[in-house]
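Below is one structure, written out as structure tokens; comments come after it.
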Amino acid sequence: MKILIAADMEGITGVVHWDQVMPNNPEYPRFCKLMTDDVNAAIRGAFAGGASTVIVTDGHFNGRNLLVEELDPRVTLTSGSPSRLSMVNGVENGADGVMFVGYHARMGTTNAILDHTWSDERVSGVWINDRAFGESGLNGAVCGHFDVPIIMASGDQSLCVEVREFFGERIETAQVKKAVSSMSAECLPPSATTKLIEDAAKRAVENLKSGTAPKPFKIMGSIKLLLEFEQSHMADKAALLPFTKRTVDRCVEYIADDIMTTYLVFRSMTALAK
Ligand SMILES: [Zn+2]
């Protein structure tokens, strides 16, 4: 039973502001420690539930946030960027389930801490087959391509709603804070949240073993990706990618045959848009 823990930072215990999750800010080191604590809680729960192997991928910003010296000795950590599958790198080598720790809701969600989709500066919306997607949906679809389900997620209440909409009611969630705006939340302290995360992770692996975990999230057939950028020059740059189509305003469309192409085109367009 192999579990991948895919960690982001905006949904970590106590986080309410960009200054807490971007390097070179005085508060950032504190939140690297809190992120590591949330991830360690998920690792403990995964092993307690019956996992035999747990791997961790650091998916926030440059992928260099988790404190490797404080991580549970039973895991390996994929750190740094870029990597081909970024926030879920490692899933391509096979896993039985993925946990999203510290995730956040998609761009435009009401009462969601630091809501954005991939880049808060460049991306104002992502639609796949006319459905609005955030990072949990995108990464979940990549995992689904490898037949791996998303079994657990932690973050604020809006993230918990979003993952249930995408992956079904059987996903285990740990709500570590209740957002009251995009940059204010009622936060539980780490002494409470690490227990919630550990318990949810344990239940999630038990669900896998008993066959009651969510099924892999798969998107089959022809896929229409619509990407709306924050500014016109970003859409102009993204539309340099061959086979894209500039549609209305700041939107660029791409039709793909499979989700991996869709994902890599999304990554390429957001990189070009810089
Ligand atoms: Zn992030």
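The values are calculated or read from the model by the stated rules, or taken from the named source; none is laboratory data. Source: prediction; values computed, not measured. Every residue, glycine as well, gets a Cβ built from its backbone with ideal geometry; the counts of neighbours run over all protein chains shown. Heavy atoms of the whole protein, side chains included, go into the accessibility calculation; ligands, DNA and RNA do not. Shrake-Rupley method; radii C 1.70, N 1.55, O 1.52, S 1.80 Å.
Hey, what do the phi angles of segment 209-217 turn into as Karplus ³J(HN,Hα) couplings, whole Hz, using 6.51/-1.76/1.60 and θ = phi - 60°, x for Gly and Pro?
5, 8, x, 10, 6, x, 7, x, 8
If you line up the long axis of helix 135-145 against the longest principal axis of the chain, both from Cα atoms, how many degrees apart are they, to the nearest 10?
90
Whole number in Å², please: accessible area per residue of segment 125-274, 1.4 Å probe, ligands, DNA and RNA not counted.
Result: 44 Å² per residue.
As a test of the formula, what do you get for the chain when each DSSP H run with n ≥ 4 contributes -39,500 (n - 2.57) and the sum is divided by the residue count, at 222 nm and rounded to the nearest 500 deg cm²/dmol?
Mean residue ellipticity at 222 nm (helix-derived): -10000 deg cm²/dmol.
Pop out the carbon and sulfur fraction of the accessible area of the chain as a percent, whole number, probe 1.4 Å.
After summing per-atom areas, the C and S share lands at 51 percent.
Nearest 0.05, what FRET efficiency do Glu165 and Thr53 give at R0 = 22 Å with Cβ-Cβ as r?
0.15
Tell me, what is the percent relative contact order of the chain, built from C-alpha pairs under 8 Å that lie six or more residues apart?
Averaging sequence separation for qualifying contacts and normalising by length gives 21 percent for the chain.
I need the phi-derived Karplus couplings for segment 176-181: 6.51 cos²θ - 1.76 cosθ + 1.60, θ = phi - 60°, integer Hz, Gly and Pro marked x.
Using θ = phi - 60°, the values come out as 9, 7, 10, 5, 10, 6 Hz.
Taking the alpha-carbon centroid of each part, what is the distance from segment 256-274 to segment 134-154 in angstrom?
17
Filter the chymotrypsin sites (Phe, Trp or Tyr not before Pro) in segment 11-77 to those in DSSP coil with at most 15 other Cβ atoms within 10 Å of their Cβ, and list the result.
Answer in residue order: Phe61.
With the Cα gyration tensor of segment 1-130 in hand, convert its eigenvalues to equivalent ellipsoid semi-axes via √(5λ) and list them largest first in whole Å.
Sorted largest first and rounded, they come to 24, 19, 13 Å.
Please state the shape class of segment 90-191: rounded when a/c is under 1.5, otherwise prolate if a/b exceeds b/c and oblate if not, all from the C-alpha gyration tensor.
Taking the square roots of the gyration eigenvalues as a ≥ b ≥ c, segment 90-191 is oblate.
Between helix 157-167 and the chain, what is the angle of the helix's C-alpha long axis to the longest principal axis, kept within 0 to 90° and rounded to the nearest 10?
That helix lies at roughly 70 degrees to the long axis.
Quick one: angle between helix 259-272 and the longest Cα principal axis of the chain, in degrees between 0 and 90, rounded to 10, please.
The angle comes out near 70 degrees.
How big is D, in µm² s⁻¹, for the chain by Stokes-Einstein at 4 °C and 1.567 mPa s if Rh is the Kirkwood radius over C-alpha pairs? All intermediate terms of the calculation are to be shown ahead of the outcome.
Values: Rh = 18.4 Å.
Estimated via Stokes-Einstein, D reaches 70 µm²/s.
For the pair Arg74/His17, report the inter-label distance in nm, with labels modelled 7 Å from Cα in the Cβ direction.
Distance between label points: 3.7 nm.
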